[in-house]
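Everything below concerns the one structure shown next.
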Amino acid sequence: MQQDRERYDVNLFRPRQGYMTGEVAIILAVLLGWGMVNFGFQAVLRLLAETPAGEGIFTRLTFLSFPWHFWFTGQFLPLWFIILCILFNIYIDRHTERHSRRRDRSHD
Amino acid sequence: MTDAGFNLIPLLIVAATLGSFIVSGLRARSREMSDYGFGGRYIGRVGGGAAIASNWMSAASFLGMGGLLYLQGYYALAYVIGWTGGYVLLLVLMAGQIRRFGKYTAPDFVGARYDSPAARLISAGISITISVIYCTAQFKGIGMLFAWLFGTDYRSGLLLGGAVAVGYVILSGVLGVARNQQLQYTVLIVSFILPLMALAYKLGYFWMLPQFGYGVAIQDLKREFGINFAAPFASGTLFQWVALCFTLMVGTAGLPHVLSRFYVVPNIRDARWSLVWGLFFIALIYWSAPAYAVFARLLEARAGMVPPPAATTGMADIVVIRTAVMGGLPAWMIGILAAGATSAAFFTVAGLLITGAASLSHDIYYRIINPRASEVTKMALAKGAVVVLSAVVLFIALHPPGLIAEITAVAFALAGNTIFPAFLLGIWWGRANRYGAIAGMLTGVVVTFATPLFGGVVPAVADIFPLTSSALFGAPLVVAVMIAVSLLTPPPSEEMRRFLAEQVHGHME
């Protein structure tokens, strides 16, 4: 009974052997890129701020005529999310194909 | 309002646009089965992406986001980031798994996963509440648009626009109008970008890609007029920014009408790639929205107008249209912009009212009150529910509790604090059970409305769970409650755990 329970155990942090292990690794890598780049940048922006309104090195630099931080948040981050989604799909597609070829029905 | 008097040409363009959707929907009806809610023929990955984007675009994206950016500058980019970054969460944590689970509405998923009528009832109630809040924001947009079109006050505009919107929904339902969401998205993107290109051209900025060419305008605002549009923390702290952004992200991944989109795609791989296209189409509009806000500030400054804060808040939700008027664009082009905004609000209202009504009729009446109800009875009840929900929304929208994007954010907070954790653990933790789900969702409801409920008594509550941004602490709290209660109560059936392990997390696509 206990063995059956473990056999059907689904847990993001304790992925089952086989397909799910690789799938979870890809998910966690994407989530890391998602959180660090977005929230991490805002934290750095705050850390390097020289005034209460947040003025600092990033607000003085420019890129494509935008204040650098504004370009990063308003334009790059949505693009970054699209890139992350594309990478996720490519890796999951490959991962799925690899396991399909092996006929690795790890759940059986 | 921005422009006193009747705006005939824009009004005619709005009417012609809405009319053309009904006509094209009726023509399409002869070629395919009409759908009352979700469904329709397969349209490919790009088409699926356009459908996702069209389904997503609302008055909040079209009007509300520009309004908040106009008021708050950089701080309001949290909406841009929240509403795009949420799709990453949706893709990596839910899209494929929901498709494999095979239940496409939030109450259906919750009811089946947790094998509990009570959990289904709670999630149905939450879904309907989300629909009502979201619709209230749309009605505010519709009210302001109609007030501008007819040159009336907000109240008259709301009553008139609300009646037309509900009439549109009912007429579409009665005639069985099929929704061509690629056409809808095309209309939305063209109507948003074309006037922006014209504005950039008139103001002397790079007009061919105006969404990437307004950087100079930000610098001009600061250099010539001392307006620092890009100051990062002028309108809110780092915590407030992160809390708002995170709430909008988890809300996006938990919004019932977004989760339901994966039903129309035939396989998981196409569902995933459609989502990427959808995010790209959404980003096209979100890259552009800040430009309207910057141009609005610039036009005001050049005209020597410095409106008082109360006035700016009052007109923020229609600042996109107002910018086009101030910029001296021709009436037909302003009409196209207004038609896009009206269409976005009408499509969203139609989707939400039909989903909410279907939930009332199917998940509450049929599943819980009268399981022997006939299809005719269910359909009649759904149609009645559309009218009742509309009346509720109209009543709330008479005294809108905030700006369009702010009202919408509360719906996101509710979704992020309730549906998102129920789906997340439902998919990724086999041990999550009905008691955990019920306790978690009820906690989520309390957390979402903690500020109006307890903020007056315990001021710290308003700091920890701000009304529009409660999910930063709320969603993890709900997840913790779900885990604790699940562990203290019996596990779900072995059948469900096996289904999760073999079907939902099996690898074969």
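The values are calculated or read from the model by the stated rules, or taken from the named source; none is laboratory data. Model, not experiment: these values are computed from the prediction. When we count neighbours, we look across all protein chains shown, and the Cβ atoms used for this are built from the backbone with ideal geometry, even at glycine. SASA here: full protein model, heavy atoms, side chains in, ligands and nucleic acids out. Shrake-Rupley method; radii C 1.70, N 1.55, O 1.52, S 1.80 Å.
Structural remarks
- Here B:GLN72 fulfils each of the conditions (1) open to solvent by 20 Å² or more (accessible area, probe 1.4 Å); (2) over 29 Å from B:PHE395 (Cα atoms); (3) within 14 Å of chain A (Cβ to nearest Cβ) apart from (2).
- Selection status of B:THR408, assigned to a helix (DSSP H, G or I), of a type in the set (S, T, N, Q) and either open to solvent by 30 Å² or more (accessible area, probe 1.4 Å) or touching a residue at least 24 places away in the same chain (Cβ under 8 Å) (or both): yes
- Any hit, the stretch B:102-122, residues being under 19 Å from B:ILE407 (Cβ atoms), more than 14 Å from every other protein chain (Cβ to nearest Cβ) and open to solvent by 40 Å² or more (accessible area, probe 1.4 Å): no
- Index of the failed condition, B:LEU89 passing every other in (1) touching a Ser or Thr at 6+ places or on another chain (Cβ under 8 Å); (2) under 30 Å from B:ILE22 (Cβ atoms): (2)
- Single unsatisfied condition, B:ILE396 versus (1) assigned to a helix (DSSP H, G or I); (2) open to solvent by less than 40 Å² (accessible area, probe 1.4 Å); (3) under 20 Å from B:GLY67 (Cβ atoms): (2)
- Positions within the stretch A:47-75 being of a type in the set (Phe, Trp, Tyr), more than 9 Å from chain B (Cβ to nearest Cβ) and open to solvent by 40 Å² or more (accessible area, probe 1.4 Å), in sequence order: A:TRP68
- Looking at the stretch B:153-239, the helices (runs of 4 or more DSSP H) lying wholly inside it that each contain 1 or more residues that are in contact with a strand residue (DSSP E or B) (Cβ under 8 Å, 6 or more places away or on another chain) sit at B:215-225.
- Selection of first residues in the stretch B:151-179 that are more than 18 Å from B:ALA338 (Cα to Cα) and of second residues that are open to solvent by less than 50 Å² (accessible area, probe 1.4 Å) and part of a helix (DSSP H, G or I), restricted to Cβ pairs under 6 Å at least 6 apart or on distinct chains, gives the following pairs, ordered by first then second residue: B:VAL166/B:SER390; B:VAL169/B:ALA350; B:VAL169/B:LEU353; B:VAL177/B:ILE22; B:VAL177/B:GLY25; B:ALA178/B:GLY25; B:ALA178/B:ALA28.
- The residues listed here are A:TRP80, A:TRP71; of these, the one that is modelled with pLDDT of 95 or more, touching a strand residue (DSSP E or B) at 6+ places or on another chain (Cβ under 7 Å) and closer than 30 Å to B:VAL80 by Cβ is A:TRP71.
- Output for the stretch A:3-15, where each listed residue is surrounded by 18 or more Cβ atoms within 10 Å (Cβ to Cβ) and either modelled with pLDDT of 75 or more or more than 9 Å from every other protein chain (Cβ to nearest Cβ) (or both): A:VAL10, A:PRO15
- The lone criterion from (1) crowded, with 19+ Cβ neighbours inside 10 Å; (2) touching a Phe, Trp or Tyr at 6+ places or on another chain (Cβ under 6 Å) left unmet by B:HIS257 is number (2).
- In the stretch B:369-384, the qualifying residues are those that are surrounded by 14 or more Cβ atoms within 10 Å (Cβ to Cβ) and assigned to a helix (DSSP H, G or I), and the one that is farthest from the chain's Cα centre (by Cα) is B:THR377.
- The one condition in (1) polar (S, T, N, Q); (2) open to solvent by 10 Å² or more (accessible area, probe 1.4 Å); (3) farther than 27 Å from B:ALA231 by Cβ that B:SER58 fails to fulfil: (2)
- Yes/no for B:VAL387 being of a type in the set (Val, Ile, Thr) and surrounded by 22 or more Cβ atoms within 10 Å (Cβ to Cβ): no
Results for (1) surrounded by fewer than 16 Cβ atoms within 10 Å (Cβ to Cβ); (2) among the charged types (D, E, K, R); (3) in contact with a helix residue (DSSP H, G or I) (Cβ under 9 Å, 6 or more places away or on another chain); (4) under 30 Å from B:VAL388 (Cβ atoms), shown as yes or no for each residue.
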| position | (1), (2), (3), (4) |
| --- | --- |
| B:GLY167 | yes, no, no, yes |
| B:VAL177 | no, no, yes, yes |
| B:GLN181 | no, no, yes, yes |
| B:SER191 | no, no, yes, no |
| B:LEU196 | no, no, yes, no |
| B:LEU203 | no, no, yes, no |
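- Qualifying residues in the stretch B:230-245 (those that are facing another protein chain (nearest Cβ under 8 Å) and open to solvent by less than 40 Å² (accessible area, probe 1.4 Å)) - the one nearest to B:TYR214 (Cα to Cα): B:ALA230
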